[in-house]
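See below for the structure under consideration.
We did not get these values from a lab; they are worked out from the coordinates using the rules stated. Values in this document were obtained by computation on a predicted structure and should not be read as measured data. Methodologically, a virtual Cβ is constructed for each residue, glycine included, from the backbone with ideal geometry; neighbour enumeration extends over all protein chains shown.
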Amino acid sequence: MFRLYDKVVYPGYGVAKIDRIFSKVIGGKDASFYELIFLNKDMTVLVPTDNAEAVGLRPLSTSQYIKDVFGSLMAPARKINYAEFTASNWNKRNKEYQVKLKSGDLKDLSEIYRDLHYIAMYKELSFGEKHLLQQIEGLLVEEISLVEELGQEKTIEHLRSLCSGHVQKNSVTENSSSF
């Protein structure tokens, strides 16, 4: 259970503050709600307190967990082959990415971020890939900069340097079937 003014992460949308906890009678039953005000979006959401876990509402990550996330960014990207750059393979990868995005887990987001940076070394990202990369970067930067008390620009630079410093071009093969 969260408390008033806690900062929480709502998967896919980012960091919000619990601005109010209140009860309301709906359908003859008393229901409690968190009123979330997002820090970097002009958006307010009501989440039933009983449904908070189901929607993936979670506390901010710890500094230690963020160090683990940085480790994920520095890990080598998965091997891929050139045939996987087709539109149909993008659809398959995008479905996998959307599952990770909905989890709201920073490590899952960092793996998508790393993979898209890696793919960008070999081809221009599609509109969908670029949009996803921007969305993921925004979510990562928002939480990491808040937890680590860094400016957003510095956080962006750090994330990008971790990816660019550890993505290796020799991971692409012509016959590899894994991605």
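Name the residues whose placed amide hydrogens come within less than 5 Å of the amide hydrogen of R58, ignoring near sequence neighbours (fewer than 5 apart) on the same chain.
Correct list: V9.
Taking 0.36 nm per residue of separation and subtracting the Cα-Cα distance, what length does fully extending R3 through D68 add?
20.7 nm
Run down the lysines and flag those whose C-alpha is under 25 Å from the C-alpha of K107, throwing out any fewer than 8 positions away in its chain.
Of all the lysines, those that pass the test against K107 - Cα under 25 Å, at least 8 places apart if same chain - are K7, K17, K41, K67, K79, K92, K95, K123, K130, K154, K169.
Please pull out the direction-averaged projected area of the chain, using the convex hull of its alpha-carbon atoms, in nm² to one decimal place.
11.7
According to a simple spin-label model (label point 7 Å from Cα along Cα-to-Cβ), what is the distance in nm between K24 and E53?
Inter-label distance under the simple model: 2.4 nm.
Name the most mobile residue of D50, D68, D30, meaning the one with the largest mean-square fluctuation, in a Gaussian network model of the chain with Cα contacts below 10 Å.
D30
Per DSSP helix of 4 or more residues, -39500 (n - 2.57); summed, then divided by the residues of the chain. What does that give at 222 nm, rounded to the nearest 500?
That calculation yields -15000 deg cm²/dmol at 222 nm.
With r as the distance between the Cβ atoms of K107 and E149 and R0 = 25 Å, compute the FRET efficiency 1/(1 + (r/R0)^6) and round to 0.05.
The calculated FRET efficiency here is 0.75.
How large is the convex hull of the Cα atoms of region 7-59 per residue, expressed in Å³ as a whole number?
Each residue corresponds to 75 Å³ of Cα convex hull volume.
Do you know the relative contact order of region 10-64, to the nearest whole percent, from alpha carbon pairs under 8 angstrom that are 6+ apart?
Answer for region 10-64 is 32 percent.
Per-residue counts of other Cβ atoms within 10 Å, averaged by peptide: what ranking do you get for 103-109, 1-7, 21-27, 131-137, highest first?
Highest mean packing first, the order is 103-109, 131-137, 1-7, 21-27.
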